[in-house]
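Since the structure comes first, as structure tokens, the remarks are kept for the end.
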Amino acid sequence: MLKRVGTWVHDNPYLLLVLTSMMWAGNGVAARIAVGHISPMALTSLRWVVTCLAMAVFAWRPVVEAWPRLRPRLPYLLVMGTIGFTGFNVPFYWGAHHTTAVNLTIIQGAIPVFVMLGALALYGTPVGAMQALGMAVTLVGVAVLASQGDLANLLGLELNVGDLGMIVACLLYAGYTIGLRNRPNVSGLALLGAFALVAALTSAPLLAIEVARGEVLWPDATGLLCILYVGLLPSLTAQMLFMRAVELIGPGRASLFVNLVPVFGALFAVAILAEPFGIYHAAALALVLGGIALAETRRR
């Protein structure tokens, strides 16, 4: 029974992507909780140390067995681990200290657009009419959520350095998502182990710079809990689920589910941070889910 359930989950890209979005939404909540308890580069670096330690204890064998196939692809592994793991999280955590939640939410909603346009430019992956419509509807849902249902909030947006950092982060993760198309023929666990190791190595110099500048804030008890969460769920479990989903339905369709992240983020903020829940939250959730359903209608 458990084996059948496990197989169904493993082969169900929509469930995998919903779970991934929930974990990534939790990453945003953890980032807000972490402010004042750990500095951005310390959180970025130590999260990948936790991921690597977890894999060393529980999943070292797949990495070792896959090494003969991974070794010829070292340049690919270095680029992907750097842009997708270190490259996204550094401007994400840094940007969260320099811009508003409204701006961050809207900018994150651009990731599927970047992925679809990039896949179209690089591989000629077609964007169908229903897929484009679904993408547009999900973006409307993200805008409703980010603006709290008030158009004036959108019209009054002003870009700052934090916004520019988030745009860079979204572009880097879009590139990573598209790059998964050319992944080595190894298990997702082995590939994640290689990427996590690269991220741990490439983020260490950034932490060293933060220490040298006297800006590091080492974690207290709350900071340690944030590290454990982001290291084990968004960094490890969610990345594995996302890789499997991309393998099943491709980067363009999988990236559309990223629009669920701000929706789940708002719901988690209500439950965890005791933030108020408004009608616009429900409207945004309906629009995002409806947009994904539209995009998948013709595919099914």
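Restricting segment 272-285 to residues that are open to solvent by 60 Å² or more (accessible area, probe 1.4 Å) and more than 21 Å from the chain's Cα centre (by Cα) leaves a set whose member that is nearest to GLY141 (Cα to Cα) is ILE279. Restricting to segment 34-47, name every residue that is outside any helix (DSSP H, G or I), modelled with pLDDT of 85 or more and either open to solvent by 40 Å² or more (accessible area, probe 1.4 Å) or in contact with a strand residue (DSSP E or B) (Cβ under 9 Å, 6 or more places away or on another chain) (or both). Within segment 34-47, GLY36, HIS37 qualify. Screening LEU180, LEU192, LEU145, LEU206 for residues that are at pLDDT 90 or above and open to solvent by less than 60 Å² (accessible area, probe 1.4 Å) leaves exactly one candidate, LEU206.
Condition check ((1) over 21 Å from THR177 (Cα atoms); (2) touching an Asp or Glu at 6+ places or on another chain (Cβ under 6 Å); (3) modelled with pLDDT of 90 or more; (4) in a loop (DSSP other than H, G, I, E, B)) across all residues:
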site: ALA25; (1), (2), (3), (4): no, no, no, no
site: ARG32; (1), (2), (3), (4): yes, no, no, no
site: VAL49; (1), (2), (3), (4): yes, no, yes, no
site: ARG73; (1), (2), (3), (4): no, no, yes, no
site: MET80; (1), (2), (3), (4): no, no, yes, no
site: PRO91; (1), (2), (3), (4): no, no, no, no
site: ALA119; (1), (2), (3), (4): no, no, no, no
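Count of segment 228-256 residues, restricted to those that are open to solvent by less than 10 Å² (accessible area, probe 1.4 Å) and either more than 22 Å from TRP60 (Cβ to Cβ) or at pLDDT 95 or above (or both), is 4. Check whether at least one residue in segment 149-156 is crowded, with 22+ Cβ neighbours inside 10 Å and either over 27 Å from GLU247 (Cβ atoms) or at pLDDT 80 or above (or both), and report yes or no. Looking through segment 149-156, none of the residues is crowded, with 22+ Cβ neighbours inside 10 Å and either over 27 Å from GLU247 (Cβ atoms) or at pLDDT 80 or above (or both).
Can we say ALA238 is under 17 Å from ASN89 (Cα atoms), in a helix (DSSP H, G or I), touching a residue at least 60 places away in the same chain (Cβ under 8 Å) and in contact with a Cys (Cβ under 9 Å, 6 or more places away or on another chain)? For ALA238, the condition - under 17 Å from ASN89 (Cα atoms), in a helix (DSSP H, G or I), touching a residue at least 60 places away in the same chain (Cβ under 8 Å) and in contact with a Cys (Cβ under 9 Å, 6 or more places away or on another chain) - is not met. Just for segment 272-284: of the residues that are in a helix (DSSP H, G or I) and within 16 Å of ALA31 (Cα to Cα), which one is modelled with the lowest pLDDT? Taking the candidates together, the pick is LEU273. Going by the conditions given, is ALA269 modelled with pLDDT under 80 and out of contact with any helix residue (DSSP H, G or I) (no Cβ under 8 Å at 6 or more places or on another chain)? Answer is no for this residue. For segment 68-91, which positions are closer than 22 Å to LEU43 by Cβ and hydroxyl-bearing (Ser, Thr, Tyr)? Once the filter is applied, which keeps residues that are closer than 22 Å to LEU43 by Cβ and hydroxyl-bearing (Ser, Thr, Tyr), segment 68-91 yields THR82, THR86.
The values are calculated or read from the model by the stated rules, or taken from the named source; none is laboratory data. Just so we're clear, the structure is a prediction, and the values are computed from it rather than from any experiment. Ideal geometry is used to build each Cβ from the backbone, glycine not excepted, and the neighbour counts take in all protein chains shown. Protein only, heavy atoms only, side chains kept; ligands, DNA and RNA dropped before computing areas. Shrake-Rupley method; radii C 1.70, N 1.55, O 1.52, S 1.80 Å.
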